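What follows is a set of notes on a single structure, which appears directly below.
The values are calculated or read from the model by the stated rules, or taken from the named source; none is laboratory data. The shown structure was predicted, so the numbers you read here are calculated from the model rather than taken from an experiment. Quick reminder, even Gly has a Cβ in these numbers, built from the backbone with ideal geometry, and neighbours come from all protein chains shown.
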Amino acid sequence: MKSVRGWGSEMTFDQELLVRAQIPAEDERPPVGLRLVRRFRVVAVLLLTVALWAIAVRVFEVKRFIVPSPELVIGRFFDTPEFVIREFMVTLLEASAGFGIAATLGVGLAILLARSALLEELLYPYLNIIRVTPSIAIAPLLVVWFGHTPTPHIIVATIISFFPIVVTTLLGLRSADPELINLMATLNASPQAVFRKVRLPNSLPYLFASFRISAPLAVIGALVGEFAGGTGGMGNVLIVSRSNLDTPMSFLMIVLSGFLGILFYGVVVAGERRLIRWHPSVQLD
Amino acid sequence: MSGTPLAQERVAARAEEAAPAIESRDLCIVYGRGSRAVVALEGVDLRIDAGEFVALIGPSGCGKSSFLRAVADLLPARTLQGTLRVEGKTTEDARRANSFAFVFQDPVLAPWRTVMQNVSLPLEVVPPERRSGTRSPRELIDLVGLTGFEDVLPSALSGGMRQRVAIARALTLEPSILLMDEPFGSLDELTRDRMHDELLGIWSTTTASVLLVTHSIAEAVYLADRVVVMTPRPGRISAVLDIDFPRPRSAALKTTVEFLEKTNEIRARLGL
């Protein structure tokens, strides 16, 4: 007797059936060695690249202020670890604040535009202007206005990550199944109920798609802002290290900026997996 | 009055509700305006009594779905001409009173809600004072044979199971009228046959009237007290046939000569 889970048209559930078919055993866990290899093969690619880099620098005798060897870059971190961590945290906080503000304003504006076609008609063209204005051009101006504070950096991060959130969330709010909206109409549901029960949950996959784009953009925005002036942050350290020909520090900042972008992306994907488990994009993983 | 003694009893049992479930007089539906106007429905007179099971049948473009949507107040008011009353009220008032439930061609489930949450949706949306009645979602899930699937998402269900969820949802508020727009159209024949018997079983436990739009002659004859045959361009009623087979009906009916004669009669009325 083998237990076969009834499924589909026959409505049975956990039925005990006597079957001639061979039921495949549960997948066996692969041996420990293979599991370790699978887990670390992505990291192995990184290590291999770094090793090639280290070898190339030696073989071609590249000068350290052109391309430093990887151990020099890592060593630069341990020269002044508190300083590096502090500047990393500055950029992290500025990018987080910028992204948080962009998400709040962006979702809020998308909700407003979704409710009013007139408002969309009036505001949308100007949203596009904000979008095409290069933030690198606004950043120095913001520094003039707000001085040596984190504010201009946060504003650049906000501006750069704001637009994708508005556009994509608006699309999500608009693209609910019309028959589901009709169903709510036959229930005489209030507009608020339609919004809460249909439009909002329907827009969540879109919201997260926009966050996947916007969260790493916020990191770029914060760095661009720091580049343009003011104090603090990895963008600022980059400027200073370049003028000192401290190339190992420049490399360290570039690597850490990349790491920060991946971190932001990872947080969004983790949130997505928790909140929209029902969506095919998450179920496929 | 039409139908079998059983059907008449059902109707008579609710004689106190004087108004018919649905009544249309000279109803026309026109989409668009000017040179692009399309007449979807032309001068439809139809009266459906409380407790009756009526099927609308006809080819695509005969206006049967438009009629159903008009009854459900899902069409813009400017597209309608003539009179349409649901339990003596305007369609808008009937909708506000939650007099009817609509079952769509597709199940139209919220993919982020489990079976239980989908069936419970009307309870979340409609406040208690506006409900004519309530059936427990768990009981309804049992009624449509989905016990054990309460916490499953729609994406994990088969098409037939999803449609059963949609039917359970439609029954949650004990509507006095069920409007069904080709609810079994996308199902395979085996599932459809079983759904027919399930629907008849469910209907016999309620006092609801049913207006069913269908493409299938056999489905209409098997389920309904009356079959309304419609023809397209513009959509018109070409015949109304009484189906006098006694209830409860079972699948054996489908193989009888009388059943075949009825389907042939409808086929002829459809010009096939």
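Would you mind telling me which numbered condition in (1) more than 25 Å from A:GLN192 (Cβ to Cβ); (2) in a helix (DSSP H, G or I); (3) within 10 Å of chain A (Cβ to nearest Cβ) B:ILE167 fails? It is condition (3) that B:ILE167 fails.
For segment B:238-253, does any single residue satisfy the condition of being farther than 21 Å from B:TRP203 by Cβ, in contact (Cβ under 8 Å) with a residue 12 or more places away in the chain and of a type outside the set (Asp, Glu)?
Checked against the condition, which is being farther than 21 Å from B:TRP203 by Cβ, in contact (Cβ under 8 Å) with a residue 12 or more places away in the chain and of a type outside the set (Asp, Glu), segment B:238-253 yields at least one hit.
Which one is surrounded by the most Cβ atoms within 10 Å (Cβ to Cβ), of the residues in segment B:74-96 that are touching a helix residue (DSSP H, G or I) at 6+ places or on another chain (Cβ under 7 Å) and either among the aliphatic types (A, V, I, L, M) or at pLDDT 95 or above (or both)? Applying the filter and picking the extreme gives B:VAL86. Listed by position, the helices (runs of 4 or more DSSP H) inside segment A:190-250 whose residues that are under 21 Å from A:GLU82 (Cα atoms) number at least 1 are A:200-228, A:234-243.
Could you grab me the full set of residues in segment B:170-203 that are of a type in the set (Phe, Trp, Tyr) and either within 13 Å of chain A (Cβ to nearest Cβ) or touching a residue at least 60 places away in the same chain (Cβ under 8 Å) (or both)?
Correct list: B:TRP203 only.
Restricting attention to segment A:186-198, does a residue exist that is in contact (Cβ under 8 Å) with a residue 12 or more places away in the chain and either among the small types (Gly, Ala, Ser) or more than 14 Å from every other protein chain (Cβ to nearest Cβ) (or both)? No - not one qualifying residue is present in segment A:186-198. If I filter segment A:262-275 for residues that are within 12 Å of chain B (Cβ to nearest Cβ) and either out of contact with any Gly (no Cβ under 6 Å at 6 or more places or on another chain) or more than 27 Å from A:LEU113 (Cα to Cα) (or both), do I get at least one hit? There is at least one residue in segment A:262-275 that is within 12 Å of chain B (Cβ to nearest Cβ) and either out of contact with any Gly (no Cβ under 6 Å at 6 or more places or on another chain) or more than 27 Å from A:LEU113 (Cα to Cα) (or both). Each residue in segment B:111-149 was checked for being within 20 Å of B:ARG162 (Cβ to Cβ), within 11 Å of another protein chain (Cβ to nearest Cβ) and not in a helix (DSSP H, G or I), and 10 pass.
Contact map, segment A:108-123: residues that are within 13 Å of A:VAL167 (Cβ to Cβ) paired with residues that are of a type in the set (Phe, Trp, Tyr) and surrounded by fewer than 18 Cβ atoms within 10 Å (Cβ to Cβ), Cβ distance under 8 Å, separation 6+ or inter-chain. Pairs shown: A:LEU113/A:TYR124. Here A:PRO164 meets the list (1) away from chain B (no Cβ under 14 Å); (2) in contact with a Leu (Cβ under 6 Å, 6 or more places away or on another chain); (3) not polar (S, T, N, Q) almost entirely, failing just condition (2).
Across segment B:81-110, the number of residues qualifying as away from chain A (no Cβ under 11 Å), of a type outside the set (Gly, Ala, Ser) and more than 18 Å from the chain's Cα centre (by Cα) comes to 4.
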